[in-house]
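*Asks:* Structure below; questions to follow.
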Amino acid sequence: MSEITRREVLRRAAAAGVLAAPAAGVLSACALGDDDSATSQYEGTKSDTNPLGVKEDAPLEVVIFNGGFGEEYAKAHEAMYKEKYPKAEVKHSATQEISKTLQPRFVDGTPPDVVNNSGAGQIDFNGLVSQGSLADLGELLDAPSLDVAGKTVRDTLLPGAVEVGTYDGKFLVLNYAYTVYGIWYSTKLFTEKGWQYAKTWDEHIALCRTIKAAGIAPWTYQGLHPRYMSWPVIATAIKHGGVEVALNIDNLEPNAWKSDAMKASADAWHQIVKDGFILPGSSGLDHKQSQTEWSKGKAAFVSCGSWLENEQKAVTPPGFDMAVAPTPSLGGSDKLPFEAIRGTAGEPFIVPAKARNVRGGREYLRTMLSAKGAKDFTQKVSSLTVVSGAADGVQLPFGLSSAVKALSASGSNGFNWVYQLYYRKLERNLVDAACGQFFSGAIGPAEFLDQCQKGADQIASDASIKKYKRGK
Amino acid sequence: MTGRALRHGRYRLLVTFLVPPLLLYGYFVLSPYVQMFVIAATDWRGLSPSYEIVGLDNFRQLLRDQYVLDALRHNLVLLLLLPVITIALGLFFASMLNVGGRGKVAGVRGSGAYKVVYFFPQVISIAVIGVLWKQLYNPRSGLLNGFLEAVGLDGLARPWLGDPTYAFWAVMAVMVWANVGFYVVLFGAAMQSVPRDVYEAALLDGAGRLATLWRVTIPLLWDSVQVAWVYLAILALDGFALVQIMTNGGPSFATDVAGLRIYETAFGEAKFGYASAIGVALFFVTLSIAVLALRATRRERIEF
């Protein structure tokens, strides 16, 4: 009896599916959205005090990624905006899932005015840019700074800040926080043991031997997110072979991953795997777990960006005094000096093209980029911003002040790469998988680079992905 | 009141109770399915209302996409093993708890406590289970390696979720763990409804525990086993939540499943058209397996 019922149910479900198919056109409107959504935008009159032409009483909606930086800093920025435009109603919300929350609103043509598109659940930038979903922020760069007299917003930004958010010559994404990527260690541990951070690769290996002999693992890494280890490998290669190494990778040039510099770097890094310098079990730890092992002093080095200090706050022992250092030089023939370090603007903010208050959105970003707004951010979340000099006079925690020092030592030798912004999948999935196998010892350096190249070729040959090129 | 009026009232009652759920079902279940078929034929990228109809291009691409095929292969391995292991363990535990005692037809000693313990995983949300087991598998401070080292089996300690050889099996073990409790209860309830004298007769005839299970319990419980099989098969074709929390498909895609591929393709790469095509493929796989499972397990029912 029950069996017949079940079969009957399946049969009827199939029949319902057939009947429902012709209705698909009607129903599809739900997810695919309407094409004729011509929303009017709020526009005010441009003047010296209102260079972006904001309509004073137009409401502004801001959506913040509630991650490592939290959302309190944004509330302060919103209060500053409100101070200037008391008649505007500012709507604030924060989420960890930007893509899932906002994707339907982008389709609908009713996105918020400012989005902090960050975190693991961010909306793919390639998708946003190629579909023309982002408003041009060029006007913002040429507007006068809110509180630095005689300078435009562009003048107040650190070098590289504009390039990172530029796609095909248009500035579409404001990356607000300035992040330094390097190798982190505890100065307390090093002072106690009398160790000195090594400036060349050979010295680094010798130091690793000493550290291992002292009963501490020289290295650990974010095993379940092994892409963190691609950063020092690429950085070492860039310092060895020059900035073209990164340029070619970003531009998906053929065999960019198999350049001589990348080979030299991969060969060098293979040493820490071969010689057993990695904390046993690292490959099975996620980023929090492995960084916690490092904070507990079980491992000496970890590769990370300058958010590390904030992320590890709860588990860092007092007096740990973490510091960041550049990757060791491979040898005398390196094109860049040891001090060269990767610094880049991160934490992306966008103004959707279909937002009703695009002008207000640009003005909000101008508020964030004011000296006051930037300083407040640095104080609240212990991170640098892309506004130059905004951290002056702010009491910085140990790790961050080491990052500031490293940046100034690096000076004009600083470098960066952006392929992960152009092609999220290439870093998050393909290079990530290759790093996992390489640093767990399953494959050697040649296979590692082969796999990375295979991933890049796959992106290059996928016609559905829009390609970007950047100059030097 | 005439019979006709009564019948009329009954229909009104039926309609009142049936229409709201059917509407909800249509709106939240059927309509997304139908939309999925439409979207699968487009190159929709999910952030603007513009899209092109590309016909079957997405499906052609799918057949050549090594990552999707690998993910589907993992689902098929789960499909073969998850129901067998879970049902076998479920039947074993249920019969020990209900008819495993010797001398009289009852469970083994302490079966009351076991029944509660087995059901624990069922009341924990899947997200908690994922996080919990991630910690258990932690190679440095996790219970599993800790236990292995404590009993002198250091050689068996592994980085579990970090090792492509073991990660998949580690995740599958959690799926079994999370589900077996429910089937212990399901089979247990079915065993309770089997008349005691059948078991008493088996006992008198000198049937051991295994013979009782194989020759008495399983044939009488065939209906429940069949239902369990279909449920577990559908579960094996999903697996998204646990995988996403525990490994996110890694290391090196060793634990990737079709559900995660859909999610990554849609929300990670903003390719909603292609993601829907994977969804359509998965839909047909699930449907055919459900039908096959029901056909293959059809047997004559034993009345008791």
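*Asks:* Can you tell me which condition residue A:306 does not meet? The list is (1) surrounded by 18 or more Cβ atoms within 10 Å (Cβ to Cβ); (2) farther than 30 Å from residue A:102 by Cβ; (3) hydroxyl-bearing (Ser, Thr, Tyr), and all the others hold.
*Replies:* Result: residue A:306 fails condition (2) only.
*Asks:* Right, here's the next one. I'd like the full set of residues that are touching a residue at least 60 places away in the same chain (Cβ under 8 Å) and of a type outside the set (A, V, I, L, M), limited to segment A:167-183.
*Replies:* A:167, A:168, A:175, A:176, A:178, A:179, A:181, A:182 - these are the residues of segment A:167-183 that are touching a residue at least 60 places away in the same chain (Cβ under 8 Å) and of a type outside the set (A, V, I, L, M).
*Asks:* Checking residue A:331 against (1) part of a loop (DSSP other than H, G, I, E, B); (2) buried (at least 19 other Cβ atoms within 10 Å of the Cβ), which single condition isn't satisfied?
*Replies:* (2)
*Asks:* It is to be established whether one or more residues within segment A:323-344 are modelled with pLDDT of 95 or more, within 14 Å of chain B (Cβ to nearest Cβ) and either closer than 30 Å to residue A:162 by Cα or out of contact with any Gly (no Cβ under 6 Å at 6 or more places or on another chain) (or both).
*Replies:* So far as segment A:323-344 goes, no, none of its residues is modelled with pLDDT of 95 or more, within 14 Å of chain B (Cβ to nearest Cβ) and either closer than 30 Å to residue A:162 by Cα or out of contact with any Gly (no Cβ under 6 Å at 6 or more places or on another chain) (or both).
*Asks:* Among the residues of segment A:308-328, how many are touching a residue at least 12 places away in the same chain (Cβ under 8 Å) and assigned to a loop (DSSP other than H, G, I, E, B)? Give the steps one after another, and end with the answer.
*Replies:* Filtering segment A:308-328 down to residues touching a residue at least 12 places away in the same chain (Cβ under 8 Å) leaves A:308-312, A:315-317, A:319-328.
From what's left, assigned to a loop (DSSP other than H, G, I, E, B): A:312, A:316-317, A:319-321, A:326-328.
Residues that pass the stated criteria total 9.
*Asks:* Shifting gears a bit: Kindly indicate whether residue B:65 is touching an Asp or Glu at 6+ places or on another chain (Cβ under 9 Å) and of a type in the set (Asp, Glu). So that I can check it myself, show each step before the final result.
*Replies:* On the way: touching an Asp or Glu at 6+ places or on another chain (Cβ under 9 Å): no; of a type in the set (Asp, Glu): yes.
No, not satisfied.
Conditions (1) assigned by TED's automatic domain parsing to the domain that holds residue B:51; (2) within 26 Å of residue A:128 (Cβ to Cβ); (3) surrounded by 22 or more Cβ atoms within 10 Å (Cβ to Cβ), marked per residue:
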{"residue": "B:208", "(1), (2), (3)": "yes, no, no"}
{"residue": "B:211", "(1), (2), (3)": "yes, no, no"}
{"residue": "B:222", "(1), (2), (3)": "yes, no, no"}
{"residue": "B:227", "(1), (2), (3)": "yes, no, no"}
{"residue": "B:232", "(1), (2), (3)": "yes, no, yes"}
{"residue": "B:247", "(1), (2), (3)": "yes, no, yes"}
{"residue": "B:259", "(1), (2), (3)": "yes, yes, no"}
{"residue": "B:289", "(1), (2), (3)": "yes, no, no"}
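*Asks:* Additional query: Could you tell me whether residue A:198 is crowded, with 22+ Cβ neighbours inside 10 Å and either in contact (Cβ under 8 Å) with a residue 12 or more places away in the chain or assigned to a helix (DSSP H, G or I) (or both)? Reasoning before the result, please.
*Replies:* On the way: crowded, with 22+ Cβ neighbours inside 10 Å: no; either in contact (Cβ under 8 Å) with a residue 12 or more places away in the chain or assigned to a helix (DSSP H, G or I) (or both): yes.
For residue A:198, the condition - crowded, with 22+ Cβ neighbours inside 10 Å and either in contact (Cβ under 8 Å) with a residue 12 or more places away in the chain or assigned to a helix (DSSP H, G or I) (or both) - is not met.
*Asks:* Let me ask something additional. Just one of A:367, A:378, A:327 is among the polar types (S, T, N, Q) and under 30 Å from residue A:272 (Cα atoms); which is it? Let's see the steps before the verdict.
*Replies:* Numbers: A:367 fails: under 30 Å from residue A:272 (Cα atoms); A:378 fails: under 30 Å from residue A:272 (Cα atoms).
Of A:367, A:378, A:327, the one residue that is among the polar types (S, T, N, Q) and under 30 Å from residue A:272 (Cα atoms) is A:327.
Conditions (1) of a type outside the set (A, V, I, L, M); (2) in a helix (DSSP H, G or I), marked per residue:
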| residue | (1), (2) |
| --- | --- |
| B:47 | no, no |
| B:50 | yes, no |
| B:62 | no, yes |
| B:70 | yes, yes |
| B:73 | yes, yes |
| B:82 | no, yes |
| B:87 | no, yes |
| B:94 | no, yes |
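*Asks:* Sort out which residues of segment A:121-144 are among the acidic types (Asp, Glu) and either part of a strand (DSSP E or B) or over 18 Å from residue B:44 (Cβ atoms) (or both), and write them in order of number. Give the steps one after another, and end with the answer.
*Replies:* Step one: of segment A:121-144, the residues among the acidic types (Asp, Glu) are A:124, A:136, A:139, A:142.
A:136, A:139, A:142 - these are the residues of segment A:121-144 that are among the acidic types (Asp, Glu) and either part of a strand (DSSP E or B) or over 18 Å from residue B:44 (Cβ atoms) (or both).
*Asks:* While we're here: Being more than 30 Å from residue B:31 (Cβ to Cβ) and of a type outside the set (Asp, Glu), is that true of even one residue in segment B:264-281?
*Replies:* Within segment B:264-281, the first condition is being more than 30 Å from residue B:31 (Cβ to Cβ), and the residues that meet it are none.
No, there is no match, as no residue in segment B:264-281 is more than 30 Å from residue B:31 (Cβ to Cβ) and of a type outside the set (Asp, Glu).
*Asks:* Restricting attention to segment A:266-302, which residues are among the aromatic types (Phe, Trp, Tyr) and either in contact with a Lys or Arg (Cβ under 9 Å, 6 or more places away or on another chain) or more than 14 Å from chain B (Cβ to nearest Cβ) (or both)? Step through it out loud before you land on a result.
*Replies:* Applying the first criterion (among the aromatic types (Phe, Trp, Tyr)) to segment A:266-302 yields A:269, A:277, A:294, A:301.
Across segment A:266-302, the qualifying residues are A:269, A:277, A:301.
*Asks:* What number of residues within segment A:334-348 satisfy the criterion of being over 21 Å from the mean Cα position of the chain (by Cα) and buried (at least 20 other Cβ atoms within 10 Å of the Cβ)? Give the steps one after another, and end with the answer.
*Replies:* Quick first cut of segment A:334-348, residues over 21 Å from the mean Cα position of the chain (by Cα) only: A:334-339.
With the extra rule that they be buried (at least 20 other Cβ atoms within 10 Å of the Cβ), the set shrinks to A:334, A:336.
Of the residues in that region, 2 qualify.
*Asks:* Taking residue A:246 as meeting all but one of (1) over 20 Å from residue B:252 (Cα atoms); (2) of a type in the set (A, V, I, L, M); (3) out of contact with any strand residue (DSSP E or B) (no Cβ under 7 Å at 6 or more places or on another chain); (4) assigned to a helix (DSSP H, G or I), write down the number of the exception.
*Replies:* Result: residue A:246 passes all but (3).
*Asks:* So which residues in segment A:345-356 are at pLDDT below 95 and assigned to a loop (DSSP other than H, G, I, E, B), if there are any at all?
*Replies:* A:353, A:354, A:355, A:356
*Asks:* Let me ask something else about it. Quick one: which helices (runs of 4 or more DSSP H) sit completely within segment B:217-304 and have at least 3 residues that are among the β-branched types (Val, Ile, Thr)?
*Replies:* Details: elements: B:222-236, B:240-246, B:258-263, B:272-296.
Helices (runs of 4 or more DSSP H) meeting the threshold: B:222-236, B:272-296.
*Asks:* With the condition kept exactly as written, say whether any residue in segment A:103-114 is in a loop (DSSP other than H, G, I, E, B) and closer than 24 Å to residue A:178 by Cα.
*Replies:* Initial filter on segment A:103-114 (in a loop (DSSP other than H, G, I, E, B)): A:109-113.
Then drop every residue that is not closer than 24 Å to residue A:178 by Cα, which leaves A:113.
Within segment A:103-114 (the criterion being in a loop (DSSP other than H, G, I, E, B) and closer than 24 Å to residue A:178 by Cα), the answer is yes, since at least one residue qualifies.
*Asks:* Taking the criterion of being under 26 Å from residue A:295 (Cβ atoms), touching a helix residue (DSSP H, G or I) at 6+ places or on another chain (Cβ under 7 Å), exposed (fewer than 15 other Cβ atoms within 10 Å of the Cβ) and without any contact (Cβ under 8 Å) to a residue 24 or more places away in the chain, would at least one residue in segment B:119-131 satisfy it?
*Replies:* no
*Asks:* For segment A:81-100, name all the residues that are within 26 Å of the chain's Cα centre (by Cα) and surrounded by fewer than 19 Cβ atoms within 10 Å (Cβ to Cβ).
*Replies:* The answer is A:91, A:92, A:93, A:94, A:95, A:96, A:97, A:100.
*Asks:* Could you check residue A:258 against (1) without any contact (Cβ under 8 Å) to a residue 24 or more places away in the chain; (2) surrounded by fewer than 17 Cβ atoms within 10 Å (Cβ to Cβ) and say which number it fails?
*Replies:* The one condition residue A:258 does not meet is (1).
*Asks:* Name the single residue that is surrounded by the most Cβ atoms within 10 Å (Cβ to Cβ) among those in segment B:37-65 being facing chain A (nearest Cβ under 9 Å) and closer than 19 Å to residue B:261 by Cβ.
*Replies:* Quick first cut of segment B:37-65, residues facing chain A (nearest Cβ under 9 Å) only: B:37-39, B:42-51, B:61.
Now narrow it down to the ones that are closer than 19 Å to residue B:261 by Cβ: B:37, B:39, B:42-46, B:61.
Details: B:37: 18, B:39: 27, B:42: 22, B:43: 18, B:44: 30, B:45: 25, B:46: 27, B:61: 17.
The selected residue is B:44.
*Asks:* Would you check which residues across segment A:160-176 are out of contact with any strand residue (DSSP E or B) (no Cβ under 7 Å at 6 or more places or on another chain) and among the polar types (S, T, N, Q) and list them? Outline the logic, then answer.
*Replies:* Within segment A:160-176, the first condition is being out of contact with any strand residue (DSSP E or B) (no Cβ under 7 Å at 6 or more places or on another chain), and the residues that meet it are A:163, A:166-171.
Passing the criteria: only A:166.
*Asks:* Please pick out the residue among A:415, A:448 that is in contact (Cβ under 8 Å) with a residue 12 or more places away in the chain, out of contact with any Phe, Trp or Tyr (no Cβ under 9 Å at 6 or more places or on another chain) and aromatic (Phe, Trp, Tyr).
*Replies:* Numbers: A:448 fails: out of contact with any Phe, Trp or Tyr (no Cβ under 9 Å at 6 or more places or on another chain).
Within the list A:415, A:448, the selection yields A:415.
*Asks:* From the set of residues in segment A:102-137 that are within 19 Å of residue A:166 (Cα to Cα) and of a type in the set (Asp, Glu), which is nearest to the other protein chains (Cβ to nearest Cβ)? First the steps, then the outcome.
*Replies:* Within segment A:102-137, the first condition is being within 19 Å of residue A:166 (Cα to Cα), and the residues that meet it are A:114-118, A:122-137.
After this cut, where a residue has to be of a type in the set (Asp, Glu) as well, the list is A:124, A:136.
Working: A:124: 4, A:136: 16 Å.
Across segment A:102-137, the extreme among qualifying residues is A:124.
*Asks:* What are the pairs, 6+ residues apart or on separate chains, where a residue within segment A:98-120 that is in contact (Cβ under 8 Å) with a residue 12 or more places away in the chain has its Cβ under 8 Å from a residue that is aromatic (Phe, Trp, Tyr) and part of a helix (DSSP H, G or I)?
*Replies:* As it stands, the answer is A:99/B:267; A:100/B:267; A:103/B:267; A:113/A:364; A:114/A:364; A:117/A:125, since those pairs meet every condition given.
The values are calculated or read from the model by the stated rules, or taken from the named source; none is laboratory data. Predicted model only: the values in this text are computed from it and were never measured. All Cβ positions, even for glycine, are placed from backbone atoms using ideal geometry, and neighbour counts span all protein chains on display.
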